[in-house]
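K.L.:
Please read through the structure below; I'll follow up with questions.
The values are calculated or read from the model by the stated rules, or taken from the named source; none is laboratory data. Quick caveat: nothing in here was measured; it's all calculated off a predicted structure. Glycine gets a Cβ as well: all are built from the backbone with ideal geometry, and neighbour counts include every protein chain shown. Side chains included, ligands, DNA and RNA excluded: accessible areas come from the protein's heavy atoms. Shrake-Rupley method; radii C 1.70, N 1.55, O 1.52, S 1.80 Å.
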Amino acid sequence: MSDIKDIRLAPSGRDKIDWVRSYMPVLGGIREEFEKTKPFEGMKISMSIHMEAKTAYLGHVLRAGGAEVYMTGCNPLSTQDDVAAALAADGFAVYARHGVNEKEYTEHLKATLSPCPDLIIDDGGDFTSLLHGECRDLGKNLIGGCEETTTGIHRLKARQEKGLLRFPMIDVNDADCKHLFDNRYGTGQSTLDGIMNCTNLMIAGKTAVVAGYGWCGRGAAMRLAGMGANVIITEIDPIKATEAIMDGYRVMTMDEAAPLGDLFITITGTNDVIRKRHFEVMKDGVLLANSGHFDVEINRPELEALSVEHFQRKPNIVGYKMKDGRILNLLAEGRLVNLAAGNGHPAEIMDMSFAIQAKSLEFLVKNKGKLENKLYSVPRETDLAVATVKLASLGGKIDALTPEQIEYLAKVE
C-alpha cells in the first residue's frame, strides 16, 4: 500500500517523531482533544507536505481524530526516508522516497489522492492542480482543504479570480500564527541552517543578497544580519523595499546586487529571479540558494548553458565552472535549501502552523455544505486559541481589559 525506500529505517524515523513531539505542546493538546471528539471519524485525509518528523506527527494527530490518513511529500528532496518508513510501519499509507524523479513524484501525488479523500492538506498547490486537471474525478468526495504556502495561495487566488476553484480551501499561510512565526522565524533559521549544514562556511563578513522581503525574506535577512552578514535586499514592492531600508538594509536591483554578493537567497515565489545576466557578473565561489517552494527562482538551465562543466563538490553542492574559470555553487539543486540540505523549520514553530492546519480541517468538517468554492481565511478565534496555548507553553502571561476599559473603548463620543 505504501511506496517507501526501506521499512528497516523505521526506528530512526520514530526517534525523530518522538523528539519533535516533545516540543509541540499545542498540537499535543489538540491530539488529546481529537481523541475524545473524533471530528474526522470515517473520513479520508490526503496530505501533500514535506515528509519529515513534524509532518509525521501532524499525521498522527489527524489519525487520532478518526481519519484514515494518506501521505506524500511535496518536494522530491525534502523527504526523509526514515520518517516515511516509520509512518508506513505505523500503518499509514505513505508514498514518498527521497530523490524521486518528476514522473515518480507525480505518481506519488496521484496515489495519495486515489482514495478520493474527504479533506486535503496541500503544500505548494500540486494536489489542487491535479484535482482541477487530470484527477478531477478523485475530488468527488472532497469537503475542502488547507494550503500553507505563499506559492500555493498565489495559485489558489488566481483560480478563484477566474472562477475556477472547485472546492473550499482555507488560507493557512496568512493566519497570524503561521506567517508571523513560521515564515519569519522558521524560514529564517532553517534556511541558514541548511546553508551552513552543506557548506560549512562562515556567514559573518559575507555580503548576502536576499531576494524578496516578505515574511520569509524578513526572517532570513534578520538572521543573516544577526550573524554578521552585510545584507542587501532586492524587491519589486516599493513599500516592502522602503521597510527594508528602514530596517537597516541596502536595497537595490538584482542587476546591481549580482556582482556584489557572496551568498544569494531567493524567497519570492516567482521564477527567473536570478538568471543568465546575473550569473555572468557574479563572483568566483558565490553560493546560490533558494528557499522558495519551487526550483524555478534560480534559472538552472541558463546556469548550465553558461558553464563549461558542472560537478559535485560535496553533498548538496554542485559547482558550475564558467569559461573564465569562475565557479558558481548551486545548493540543493536550487530546491528548498532548508529542507533539501537541512531539517526544515524548528519543531516549536511548526507546532503553531500544524495546530492551525488541524483546527482548519475541523472547521471545514463542521461547516460541510455551507461553504462556497472559494478561499477562506482562518477564523480569528482559531488564531487566538493557538496563540494562547503557545504563549502559556513559553511561560508568558498577558493582561486582560477591565470592564471599565471595555466600556471606554466602546464609546462613540
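K.L.:
Can you find, within segment 349-369, the residue that is surrounded by the fewest Cβ atoms within 10 Å (Cβ to Cβ) among those that are farther than 12 Å from Arg31 by Cα and of a type in the set (Lys, Arg)?
P.N.:
So, considering only residues that are farther than 12 Å from Arg31 by Cα and of a type in the set (Lys, Arg), the one surrounded by the fewest Cβ atoms within 10 Å (Cβ to Cβ) is Lys366.
K.L.:
Condition check: without any contact (Cβ under 8 Å) to a residue 40 or more places away in the chain and closer than 24 Å to Ile153 by Cβ. Does Lys276 satisfy that? Walk me through how you get there before you give the answer.
P.N.:
Working: without any contact (Cβ under 8 Å) to a residue 40 or more places away in the chain: yes; closer than 24 Å to Ile153 by Cβ: no.
It is false that Lys276 is without any contact (Cβ under 8 Å) to a residue 40 or more places away in the chain and closer than 24 Å to Ile153 by Cβ.
K.L.:
So, one more: Considering only segment 233-243, state which residues are touching a Gly at 6+ places or on another chain (Cβ under 8 Å) and closer than 19 Å to Tyr185 by Cα. Break it down into steps so the answer makes sense when it comes.
P.N.:
Let us first name the residues in segment 233-243 that are touching a Gly at 6+ places or on another chain (Cβ under 8 Å), namely 233-235, 240.
Within segment 233-243, Ile233, Lys240 meet the criteria.
K.L.:
Among the residues of segment 312-371, count how many are farther than 30 Å from Phe34 by Cα and more than 18 Å from the chain's Cα centre (by Cα). It would help to see each step written out before you state the result.
P.N.:
Initial filter on segment 312-371 (farther than 30 Å from Phe34 by Cα): 312-338, 340-342.
Keeping just the survivors that are more than 18 Å from the chain's Cα centre (by Cα) gives 312-330.
Residues in segment 312-371 being farther than 30 Å from Phe34 by Cα and more than 18 Å from the chain's Cα centre (by Cα): 19 in total.
K.L.:
Counting just the residues of segment 388-413 that are under 30 Å from Asp351 (Cα atoms) and outside any loop (DSSP other than H, G, I, E, B), which one comes out least open to solvent (accessible area, probe 1.4 Å)? Write out each step before concluding.
P.N.:
Kept after step one, since they are under 30 Å from Asp351 (Cα atoms), are these residues of segment 388-413: 388-401.
In the following step, the residues that additionally are outside any loop (DSSP other than H, G, I, E, B) were identified as 388-393.
Numbers: Thr388: 93, Val389: 72, Lys390: 14, Leu391: 59, Ala392: 71, Ser393: 59 Å².
Per the stated criteria, the residue is Lys390.
K.L.:
Here's a follow-up. Could you please find all residues in segment 1-15 being over 13 Å from Ala89 (Cβ atoms) and either open to solvent by 60 Å² or more (accessible area, probe 1.4 Å) or under 22 Å from the mean Cα position of the chain (by Cα) (or both)?
P.N.:
Keep residues of segment 1-15 that are over 13 Å from Ala89 (Cβ atoms), which gives 3.
None; the set is empty.
K.L.:
Can you pull out every residue in segment 249-269 that is farther than 21 Å from Ala305 by Cα and part of a loop (DSSP other than H, G, I, E, B)?
P.N.:
Answer for segment 249-269, where residues must be farther than 21 Å from Ala305 by Cα and part of a loop (DSSP other than H, G, I, E, B): Tyr249, Met252, Thr253, Leu260, Gly261, Asp262, Ile267, Thr268, Gly269.
K.L.:
When you go through (1) touching a residue at least 12 places away in the same chain (Cβ under 8 Å); (2) farther than 25 Å from Ala387 by Cα one by one for Asp15, which number turns out not to apply?
P.N.:
(1)
K.L.:
Follow-up question, since we're still on this one. Any chance segment 292-313 includes a residue that's under 30 Å from Lys390 (Cβ atoms) and small (Gly, Ala, Ser)?
P.N.:
The answer is yes; a qualifying residue exists.
Here's the yes/no breakdown for (1) aliphatic (A, V, I, L, M); (2) surrounded by fewer than 17 Cβ atoms within 10 Å (Cβ to Cβ); (3) out of contact with any strand residue (DSSP E or B) (no Cβ under 6 Å at 6 or more places or on another chain); (4) touching a residue at least 40 places away in the same chain (Cβ under 8 Å):
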{"position": "Pro117", "(1), (2), (3), (4)": "no, no, no, yes"}
{"position": "Ile120", "(1), (2), (3), (4)": "yes, no, no, yes"}
{"position": "Gly133", "(1), (2), (3), (4)": "no, yes, yes, no"}
{"position": "Leu138", "(1), (2), (3), (4)": "yes, no, yes, no"}
{"position": "Asn141", "(1), (2), (3), (4)": "no, yes, yes, yes"}
{"position": "Cys146", "(1), (2), (3), (4)": "no, no, no, yes"}
{"position": "Thr150", "(1), (2), (3), (4)": "no, no, yes, yes"}
